[in-house]
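The values are calculated or read from the model by the stated rules, or taken from the named source; none is laboratory data. These numbers were taken from a predicted model, which means no experiment stands behind them. Note: ideal-geometry Cβ built from the backbone for every residue, glycine included; neighbour counts use all protein chains shown. These area figures cover heavy atoms from the full protein model, side chains too; ligands, DNA and RNA do not enter into them. Shrake-Rupley method; radii C 1.70, N 1.55, O 1.52, S 1.80 Å.
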Amino acid sequence: MSLKRGDINIKHKGLRINNMGEFFIERFDANMYHERRKHKWDGDEKLTIEIKYFKDKEEEKSVVLDRDATVGDLLLKVGARHLYKHPYSVADNMVDDRRKIYTLNQSDIYKVI
């Protein structure tokens with residue numbers, strides 16, 4: 001209604017009018033802002049991957065690595081020797097250290113020893 005009356009002094013989150021009287025919506029995506037601060041990007045392509053992990057009785061942590069890094073690179077960075085997927089007690093669930101990071105499920109939480 002303010003626009004119909006010619007009022008260009010709009011005070012509403014996301015709605016803007018520039019000096020030429022053009023009306024537009026400005027959106028700030030806080031989640032994407034944090035993603036762009038955490039990861040490397042090339043345009044709209046994310047070049048890094050975040051893997052969540054924990055050590056025995058420690059809180060969950062995460063590490064960000066290049067997409068072409070290996071599990072061995074991840075282990076070196078976090079100071080561990082082995083990476084396990086759930087269920088953690090099964091020896092068959094140890095992840096090979098030559099495996100590429102991009103093949104891991106980013107929504108899983110891994111255990112490092």
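Just give me the residues in region 87-113 being in contact (Cβ under 8 Å) with a residue 24 or more places away in the chain and assigned to a loop (DSSP other than H, G, I, E, B), in sequence order.
Of everything in region 87-113, those that are in contact (Cβ under 8 Å) with a residue 24 or more places away in the chain and assigned to a loop (DSSP other than H, G, I, E, B) turn out to be 96, 97, 98, 99, 104, 106, 108, 113.
Being buried (at least 16 other Cβ atoms within 10 Å of the Cβ) and touching a Leu at 6+ places or on another chain (Cβ under 7 Å) is the filter; apply it to region 49-72 and report the residue that is nearest to residue 111 (Cα to Cα).
Going through the qualifying residues, I end up with 51.
Can you tell me which condition residue 16 does not meet? The list is (1) open to solvent by less than 70 Å² (accessible area, probe 1.4 Å); (2) in a strand (DSSP E or B), and all the others hold.
Residue 16 satisfies every listed condition except (1).
Could you please find all residues in region 85-113 being surrounded by 14 or more Cβ atoms within 10 Å (Cβ to Cβ) and over 21 Å from the mean Cα position of the chain (by Cα)?
88, 93, 94, 95, 97
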